[in-house]
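Remarks on the structure that follows.
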Amino acid sequence: MRTLKLVPAETKIDFIRLHIASFIVSLFLVAASLGLFFTQGLNFGIDFKGGTLIEIGTNGPANIGDLRDVIGKLDLGEVQIQEFGSPDDVLIRVGEKVDATDNADNLSAVDKIRNALPQDVTFRRVEVVGPQISGELVQAGFLAVTVAIGLMLFYIWLRFEWQFSVGAVLALIHDIILTIGVFCLIQIEFNLSIIAAILTIVGYSMNDTVVVYDRVRENLRRFKKMPLSELANMSINSTLSRTVMTSVTTLLALFSLYILGGEVIRGFTMAMIWGVFVGTYSSIFIAAPVLMYLGVKRDWSEAAKD
Amino acid sequence: MLYFSKPKIFLILACLFAGIIFSVPNLYDDESVNDLPEFFPKNKLNLGLDLQGGSHLLLEVEVEAIVKERLENLLSDMRLNLREARIGYSQIGVKDDYATVVIRDASQLDEARRVLNELSTPIATNLFSGATAKELEVEDIGNGRFNIKLTEAALQNRVLKSVEQSIEIVRRRIDELGTTEPSIQRQGTSRILVQVPGLDDPERLKALLGQTAKMNFHLLDRNVSGYDAVGGARVPSGAKLVFSETSPAEPYVIRKRVMVSGERLVDASVGFDPQTGAPEVDFRFDSLGGRKFGEVTKANVGNPFAIVLDDKVISAPVIRSPILGGSGRITGNFSVETANDLAILLRAGALPAPLSILEERTVGPGLGADSVEAGTRASIIGFVAVMIFILISYALFGLFANIALILNMVLIVGVLSLLQATLTLPGIAGIVLTIGMAVDANVLIFERIREEIRNGKTALVAIDSGYSRALGTILDANITTLISAMILFYLGSGPVRGFAVTLGIGIITSVFTAFTVTRLMVALKYRGQNRVEKLTI
């Protein structure tokens, strides 16, 4: 019986030779992401900006124009109205009023909209986040990502050598910046669940990097005289079919979620799909080549004993 | 790696069996789950508010209001005590977070300091050691002026008590709504997290929690009418101007002194006016309140009094005859629902301080059901796609991996049911992600076996070294993901936390099923065979 092999049994692709090109591409993408972040910025959801989000269901296709007229008359400040997944599902976002010092304003926004809309509209979801809470969520989100990177740095340093942990974390930061860049580019709402997605990307990207590094370490012990670039190439090649297989299975699961999992978590799954791609790319083209520049300990005989 | 002792095999099978037992209740609906045999666990997956619908409210006790109320009370004590000690004072009042007074006669400063210090009552800071702290800090800032402030310990003590009391009252109010399993928890120092699943009308919940519901009975001041006061007439010092809840609001001048406090109420319920049939609220005082109410009404027959709720006049009837039985009724502009809500508020008691709503997240039952359906469908299809892919990639070993994958799902459901962890929509995403990543361990092992075979090893040796060499990598790779999950759990809240839980549990169960369980299957398959010619992998 023949089995499916996405990657031939033995590949000899010279990944390391490509690293200059990939570094340039990565640097360009990182710069572009940062540029977008500072010019266009993220489309922060109410979790981080404060405000009100209402999802309504209408009887039959909604008339967005009419809704805009009705809600526009309420003088609620910045209001966004858009279709959400299906024609009879509408998302209404009301921004935090600049002069709102307490929460009463936002709550009454919900009441005002409820009174202005016809009776047959169902309120599927209402979320109100006050300015105090949104500030705390920004802090917690930032803290979570920073602590995660810090702990990864420490874990890899513990299990490998400091050069490995620098390489892994560079790859990690690269992935996070590119993810934020994509969110700036397509302006999908950036909310709490995206922070969760970013942390999962951190985990996934690390996972991938660790597999390659593990093989590098093993080969360092076996081939004490082999040039580092050749050794890195060999390690990447021999783990390549695993890398591709795992990416494919994870993507199969994620795409099924993206297509069938409903509108609410679409941004979340999109972030993760993107994360699988950049995470895989960065462990091959960033984490591994960085080792050559930092130089690694060649004599692992001490470590090999224990 | 391929040898398993009997106790070990037994232990592995016991784990799997336990997982199956704990996940079984989820196959039954709520009624028939109780028909399962006695020994079966009955706990099903605990769905989060985003899946079953419900309201999540984060409330904060307004600390400033607590401080202000204490300072206002302190002010009247200061007046009383200084007057009793015959100490002349001026410019008495409350500023920001302290009370202030100026003593007129410099020779009485020491006496005044003593009197003011006596106002401070010791507060218990530690119930076990009996340690106490001062409640008030009296500061002499010169020129005869004293500032009196609550100490940090006193403030904390007061906030703590208020939050505890508020939680109790919030619980009573929500219980009156008759919802199932509301969760009311304290968060941080002054916050209360309320989670009520499956509520039809979150607006009503908010209306019930948004009111302090301090109800008092006051006599009206007969010297100045409400309209005169609005027109600019001076309101006497012992009285104040308040308005009715009706629109247009009607003004009343009430005496500040409380005739009978709402704290004396023992019961309140909806009734109907025997003549007009309009809804009203019937109430009953405790014996002390009843006696007081009787005395005051007896002395004031023919005069109006006001029933004041949170500084708004609900009604201002005229006392026609003394009310001696300790019970009465409030008529006003009520509908059955507003009368019922007022009765609920009066029965549950007043909040010690107003609550402000910091965060609200409500998901309607329709959206929750849609999410469950979409999440389930996505999981099943993702699951099947991954299984097909694995089967055509690794043949017999793929079958082992797939069996492990199914067992992994069962274990995740079992552990979630056992721990009663909350399953949220991102949590379902976590499970789907785990499906994708669970096979990673198997992929690592199988690819390694293929490699070892290519390097000329015999089948059994290749299997053995495939498992042992992949173990380190599997552990490293999964521990990093576990670190992310743990951080998410500690720093996340609500749905995000649900994601962290399923991701974390999924990582642990998947290492067990993908590494140990498949290894057991392989071992049982090749047991007793000394030579295996060819592996299909």
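No value in this document is a laboratory result; all are computed from the given coordinates. Bear in mind the structure is a predicted one, so any value in this text is a computation, not a measurement. With ideal geometry, Cβ positions are generated from the backbone for all residues, glycine too; neighbour counts draw on all protein chains shown.
The residue list B:Tyr252, B:Ser225, B:Val235 was ranked by how far each Cα lies along the charge dipole of the stretch B:159-299 toward its positive end, using unit charges on Cβ atoms, and B:Val235 comes out on top. A simple charge model with +1 on the Cβ of Lys and Arg, -1 on the Cβ of Asp and Glu and nothing else charged puts the dipole of chain A at about 1800 debye relative to its Cα centre. Averaging the sequence gap over all C-alpha pairs within less than 8 Å and six or more residues apart, then dividing by the number of residues, gives chain B a relative contact order of 18 percent. The length gained on full extension between B:Val336 and B:Leu36, counted as 0.36 nm times the residue separation minus their Cα-Cα distance, comes to 103.6 nm. Shown for chain B are the DSSP H helices of 24 Å or more along their axis, judged by Cα atoms, with a mean Kyte-Doolittle hydropathy of at least 1.0: B:6-23, B:365-419, B:459-491, B:494-511. Summing Cβ point charges (Lys, Arg +1; Asp, Glu -1) relative to the Cα centre of the stretch B:63-152 gives a dipole of roughly 240 debye.
Dipole check for chain B: with +1 at the C-beta of Lys and Arg, -1 at the C-beta of Asp and Glu, and the Cα centre as origin, the magnitude is about 1140 Debye. Within a straight-line Cα-Cα reach of under 18 Å, B:Lys8 can be paired with the following lysines, leaving aside sequence neighbours fewer than 8 residues apart in one chain: B:Lys525. Shape of chain B from its Cα gyration tensor (a ≥ b ≥ c, root eigenvalues): rounded if a/c is under 1.5, otherwise prolate when a/b > b/c, or oblate? Cα axes put chain B in the prolate bin.
Taking the fewest neighbouring Cβ atoms within 10 Å as the starting point, the ordered list for B:Val270, B:Val461 is B:Val461, B:Val270.
Listed by chain and number, the lysines whose alpha-carbon sits under 27 Å from that of A:Lys73, ignoring those within fewer than 8 places in the same chain, are A:Lys49, A:Lys97, A:Lys112, B:Lys206. With unit charges on the beta carbon (Lys/Arg positive, Asp/Glu negative), name the residue among B:Thr212, B:Leu524, B:Ala462 whose Cα is farthest towards the positive pole of the charge dipole of the protein assembly as shown. My answer, from the dipole projection, is B:Ala462. If you look at the Cα atoms of the stretch A:162-234, you get an Rg and a Dmax of 16.2, 51 Å.
Pairs over the 22 Å Cα-Cα cut-off, from the set B:Lys68/B:Lys161; B:Lys68/B:Lys312; B:Lys149/B:Lys240: B:Lys149/B:Lys240.
If R0 is 35 Å, what FRET efficiency do you get for A:Tyr293 and A:Arg266 from their C-beta distance, rounded to 0.05? Approximately 0.35, to the nearest 0.05. For A:Lys225, a cut-off of 17 angstrom between C-alpha atoms picks up these lysines, skipping any fewer than 8 places away in its own chain: A:Lys297. Between B:Glu181 and B:Arg329, the modelled label-to-label distance comes to 4.1 nm, taking each label 7 Å out from Cα in the direction of the beta carbon. Note on B:425-435: average number of Cβ atoms from other chains within 10 Å of each residue's Cβ is 6.
Between A:Phe37 and A:Asp69, what FRET efficiency follows from the Cβ-Cβ distance if R0 is 35 Å, with the result rounded to 0.05? Between A:Phe37 and A:Asp69 the formula returns 0.50. Between B:Leu109 and B:Arg222, the distance separating the two model label sites (each 7 Å from Cα on the Cα→Cβ line) works out to 4.9 nm.
Expressed as a whole number of Å, what is the distance separating the alpha-carbon centroids of the stretch B:275-306 and the stretch A:251-281? If we compute the Cα centre of each part, the gap is 65 Å. Residue order for B:Val170, A:Val212, fewest other beta carbons within 10 angstrom first, comes to B:Val170, A:Val212. Each eigenvalue of the Cα gyration tensor of the stretch A:31-102, multiplied by 5 and square-rooted, gives one semi-axis; in descending order these are 26, 18, 11 Å. Taken over the protein assembly as shown, the percentage of Cα pairs per 10 Å bin, counting from 0 up to the bin with the maximum distance, is 2, 10, 17, 19, 16, 13, 10, 7, 4, 2, 0, 0. A dipole drawn for the protein assembly as shown from +1 and -1 charges on Cβ atoms has a positive end, and of A:Thr250, A:Val202, B:Ala14 the residue lying farthest that way is B:Ala14. Our helix-only sum for the protein assembly as shown, with -39,500 (n - 2.57) per DSSP H run of n ≥ 4 divided by its residues, gives a mean residue ellipticity at 222 nm of -18500 deg cm²/dmol. Here the stretch B:216-337 is treated as a sphere whose radius is the Kirkwood value from Cα pairs; by Stokes-Einstein at 37 °C and 0.692 mPa s it diffuses with a coefficient of 219 µm²/s. Taking a ≥ b ≥ c as the square roots of the eigenvalues of the Cα gyration tensor, the stretch B:1-144 is classed as prolate, since a/c reaches at least 1.5 and a/b is larger than b/c.
Shielding by partners for peptide B:383-393, expressed as the average number of C-beta atoms from other protein chains within 10 Å of each residue's C-beta, is 4. Shape analysis of chain A places it in the prolate category; the axes a ≥ b ≥ c from the Cα gyration tensor give an a/c of at least 1.5, with a/b above b/c. Summing charges over all other residues whose Cβ lies under 15 Å from the Cβ of B:Ala421, with Lys and Arg as +1 and Asp and Glu as -1, gives +1.
Of the beta bridges in the protein assembly as shown, as assigned by DSSP with both residues counted there, near 95 percent are antiparallel.
Sequence-ordered 3J(HN,Hα) estimates for the stretch A:165-180 from the Karplus curve with 6.51, -1.76 and 1.60 and θ = phi - 60° stand at 5, 5, x, 5, 6, 4, 4, 5, 5, 4, 5, 5, 5, 5, 5, 4 Hz, glycine and proline given as x. For the stretch B:4-36 and the stretch B:456-494, compute the distance between their C-alpha centroids and round to whole Å. Distance between centres, Cα-based: 25 Å.
For the peptides B:221-234, B:341-354, B:143-156, the ranking by mean Cβ contacts within 10 Å, running from highest to lowest, is B:341-354, B:143-156, B:221-234.
Listed by Cβ neighbour count within 10 Å, with the fewest neighbours leading, A:Val290, B:Val63 appear as B:Val63, A:Val290.
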